[in-house]
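S.K.: Take a look at the following structure, please.
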Amino acid sequence: MKVIQNNYKKQSRNPHQLPEAVRPKLRIEKVKIKCENCGSVLEVSREDTHIGYLGLPYVTCPCCNYEMDVEEFDDDAIDICASNVKYPTHFTVSSKEFKSIEISDEEINKWIQQGIEYFRGNKDEYYYFTGSGNALVHIYRFDGDKEYYVVVSKDYESGEIEFEEEDYA
C-alpha cells in the first residue's frame, strides 16, 4: 500500500473507533419521559426545562402541572450558591412527592413546651429550633420582650446553598 496524500489530521476521528475513555460524550437533546404524577408520556427537549430544586433541570407536565427533574439532562445542572439562589425556584416543599412524614399537632405542642423549658433553663439564649418530617418549630426570645415569638412551619420549603469562597472563615 502506498499513501499518495495523508489527510488523517484533517479528518475528525470516527468516535466508534476510539477507546471508551477518549470517546466524546454525545449530548442528548430530546428524551421521552413518563410523568411521575399522571403517567402521561412526554417528549422533552433541553429548551423545555428550567433549573429548579438543587440546581437540577426540571420540566412541568403540561397535563397535570406536576414538576419533575429530567435526569438525562443532569449535565445542565448548576451549583446553587448565594450569588444565584432564587426563591421559590431552587426550593422544594418538604412533603412534595410524599418524602416526609406528617407530624401531629400533639407532637408540635410538645416541641413548643420543650422550647419554652429550654429558655427557662438557659436565660442567655434567644433562639430555639427543632423539627422533623413536615414540620419545623422556631421560638425566639428577645431582650426586653415579655413574650415568646413562635413560628410553626408545616410543609415548609427548603433548599441547599453551597458555600462560596467568602463563606469559609
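The values are calculated or read from the model by the stated rules, or taken from the named source; none is laboratory data. Here the structure is a predicted model, which is why all the values come from computation and not from measurement. Every residue, glycine as well, gets a Cβ built from its backbone with ideal geometry; the counts of neighbours run over all protein chains shown. Surface areas here come from the heavy atoms of the whole protein model, side chains and all, with no ligands, DNA or RNA. Shrake-Rupley method; radii C 1.70, N 1.55, O 1.52, S 1.80 Å.
S.K.: Examine the range 65-81 for a residue that is aromatic (Phe, Trp, Tyr), surrounded by 13 or more Cβ atoms within 10 Å (Cβ to Cβ) and assigned to a loop (DSSP other than H, G, I, E, B), and state whether such a residue exists.
M.R.: Yes; the residues of the range 65-81 include at least one that is aromatic (Phe, Trp, Tyr), surrounded by 13 or more Cβ atoms within 10 Å (Cβ to Cβ) and assigned to a loop (DSSP other than H, G, I, E, B).
S.K.: I'm checking my understanding of the structure. Among residues of the range 128-165 that are within 27 Å of the chain's Cα centre (by Cα), exposed (fewer than 12 other Cβ atoms within 10 Å of the Cβ) and free of Cβ contacts under 8 Å to residues at least 60 places away in the same chain, which one is nearest to Cys81 (Cα to Cα)?
M.R.: Glu165
S.K.: Testing Ser100 on (1) of a type outside the set (Phe, Trp, Tyr); (2) open to solvent by less than 40 Å² (accessible area, probe 1.4 Å); (3) in contact with an Asp or Glu (Cβ under 6 Å, 6 or more places away or on another chain); (4) at pLDDT below 85, one condition comes back false. Which one is that?
M.R.: Going through (1) of a type outside the set (Phe, Trp, Tyr); (2) open to solvent by less than 40 Å² (accessible area, probe 1.4 Å); (3) in contact with an Asp or Glu (Cβ under 6 Å, 6 or more places away or on another chain); (4) at pLDDT below 85 one by one, Ser100 breaks only (3).
S.K.: Scan the range 28-60 residue by residue and report those that are without any contact (Cβ under 8 Å) to a residue 40 or more places away in the chain, closer than 25 Å to Pro88 by Cα and acidic (Asp, Glu).
M.R.: Residues satisfying the conditions are Glu47, Asp48.
S.K.: Which condition number in (1) in a strand (DSSP E or B); (2) farther than 20 Å from Thr92 by Cα; (3) not acidic (Asp, Glu) is the one that Val151 fails?
M.R.: (2)
S.K.: When you look at Phe119, is it of a type in the set (A, V, I, L, M, F, W, C), more than 30 Å from Glu47 (Cβ to Cβ) and open to solvent by 80 Å² or more (accessible area, probe 1.4 Å), yes or no? Working first, answer last.
M.R.: Working: of a type in the set (A, V, I, L, M, F, W, C): yes; more than 30 Å from Glu47 (Cβ to Cβ): yes; open to solvent by 80 Å² or more (accessible area, probe 1.4 Å): no.
For Phe119, the condition - of a type in the set (A, V, I, L, M, F, W, C), more than 30 Å from Glu47 (Cβ to Cβ) and open to solvent by 80 Å² or more (accessible area, probe 1.4 Å) - is not met.
S.K.: Taking the condition of being closer than 21 Å to Asn84 by Cα, over 15 Å from the mean Cα position of the chain (by Cα) and either among the polar types (S, T, N, Q) or surrounded by 11 or more Cβ atoms within 10 Å (Cβ to Cβ) (or both), how many residues in the range 28-64 meet it?
M.R.: Pass one, the range 28-64, residues closer than 21 Å to Asn84 by Cα: 46-59.
If we keep only those that are over 15 Å from the mean Cα position of the chain (by Cα) too, we end up with 46-48.
Now restrict to residues that are either among the polar types (S, T, N, Q) or surrounded by 11 or more Cβ atoms within 10 Å (Cβ to Cβ) (or both): 46, 48.
Count: 2.
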